[in-house]
Amino acid sequence: MKKIGLIGGMSWVSTIDYYRFINEGINHRLGGLHFAECIIYSVNFNDFVGNNVAGNWDGTYKIIAAACEKLKSAGAECIVLCANTAHAVADRLEENLDLPLIHVITETANEIKKLGMSRVGLLGTKFTMEMDFYVDKMAAHGVEAIIPASQEAREFIQQTLKDELGKGIIKEETKRRYIAIIDKLINNGAEGIILGCTEIPLLLSQNDVSVPVFDTTKIHAQAAVDFALAR
């Protein structure tokens, strides 16, 4: 079994889910008392968010690159960034990192294509929705990702991710608003919905949405399991 290196803390709430899903996945495949060999480096979420808000992506890269080196020194054989937004610097990491990086956008695009879909709605942080890295990477895999048209809706998602879900706070009125935003995406032709922030599945599940949802946390964790057990 290969050792998985997890960069978490973005936020710690969803990092717990990564740890759980990966261990459950290993045990499902191997049975008995088999669980994952993994190492977690949890960064300070305040520093991560502060850099992103300031547009200091070089600072974000340095935080994550330093964590990668710590994990490599500790024996990690791959890197999993436990946040969609962190993948804004994934291409730069892959150029400089001497370890495989399991890319959440690539893995999610593969799952979308398995269902024969080509146009999906994307929810995430404002950086994930409004920067090019996510939409362009999806397009490179033949998937069109559309975001909420309303700036106010995108700001609402950003604010609730930072002030509620990232702290483990779940509100029913927030859930209703997310569903209304999703319904508009579906009306705009979305065949499925990417839950493109690892905190969103804390609020929403497939039962809340009329089209297939793609839980990036579960998809990414399963890809890590596949890597760990690949011969």
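Annotations for the structure displayed:
- Accessible surface ranking that places the most exposed of Arg154, Arg119, Arg92 first, with a 1.4 angstrom probe: Arg92, Arg119, Arg154
- Taking the alpha carbon gyration tensor of segment 109-194, multiplying each eigenvalue by 5 and rooting it gives semi-axes of 23, 14, 12 Å, largest first.
- Karplus-based coupling profile of segment 104-118, in residue order and whole Hz: 5, 6, 4, 5, 5, 4, 4, 5, 4, 5, 4, 8, x, 8, 10, with θ = phi - 60° in 6.51 cos²θ - 1.76 cosθ + 1.60 and x standing for Gly or Pro.
- Around the amide H of Val213, modelled in the peptide plane, lie the amide H atoms of Ile193, all under 5 Å away and 5 or more residues distant in sequence or on another chain.
- Between Glu144 and Arg119, Val120, the built amide H atoms are under 5 Å apart, and every one of these is 5 or more places off in sequence or on another chain.
- Sorted from greatest to least, the principal axis extents spanned by the alpha carbons of segment 20-134 come out as 47, 41, 25 Å.
- Segment 162-231, dipole about Cα centre (Lys/Arg Cβ +1, Asp/Glu Cβ -1), debye to the nearest 20: 100 debye
- Per-residue surface analysis assigns Leu229 an accessible area of about 40 Å², computed on protein heavy atoms at 1.4 Å probe radius.
- Couplings 3J(HN,Hα) for segment 59-65, derived from phi with the Karplus relation 6.51 cos²θ - 1.76 cosθ + 1.60 (θ = phi - 60°), are x, 4, 4, 5, 4, 6, 4 Hz, where x marks Gly and Pro.
- Under 5 Å between amide hydrogens, built in the peptide plane, is the criterion, and for Cys38 it picks out Ile4 among residues at least 5 positions away or on other chains.
- D_trans [Stokes-Einstein, Kirkwood Rh over alpha-carbon pairs] for the chain, 25 °C, 0.890 mPa s, µm² s⁻¹: 138 µm²/s
- Computed from the alpha carbon atoms alone, the convex hull of segment 1-73 holds 84 Å³ per residue.
- Net charge of neighbours whose Cβ lies under 12 Å from the Cβ of Met117, counting Lys and Arg as +1 and Asp and Glu as -1: 0
- Cβ-Cβ FRET estimate between Trp57 and Glu172, R0 fixed at 35 Å, reported to 0.05: 0.50
- Residue-count net charge about Gly142 - beta-carbon cut-off 15 Å; Lys, Arg +1, Asp, Glu -1: -1
- Accessible-area value, Glu172, 1.4 Å probe, nucleic acids and ligands omitted, Å²: 100 Å²
- Dipole magnitude of the chain, debye to nearest 20 (Cβ charges: Lys/Arg +1, Asp/Glu -1, about Cα centre): 380 debye
- Accessible area in the full protein assembly, largest first, 1.4 Å probe, for Ile186, Ile193: Ile186, Ile193
- Residue-wise HN-Hα coupling along segment 183-192, computed from phi with Karplus coefficients 6.51, -1.76, 1.60 (Hz; x: Gly, Pro): 4, 5, 5, 5, 5, 8, x, 5, 7, x
- Tilt relative to the chain, helix 216-229 - C-alpha long axis, 0 to 90 degrees, to 10: 20 degrees
The values are calculated or read from the model by the stated rules, or taken from the named source; none is laboratory data. Source: prediction; values computed, not measured. Note that each Cβ is placed from the backbone with ideal geometry, even for glycine, and that neighbours are counted across all protein chains shown. Ligands, DNA and RNA are stripped out before the accessible areas are found, and what is left, the full protein with its side chains, is counted by its heavy atoms. Shrake-Rupley method; radii C 1.70, N 1.55, O 1.52, S 1.80 Å.
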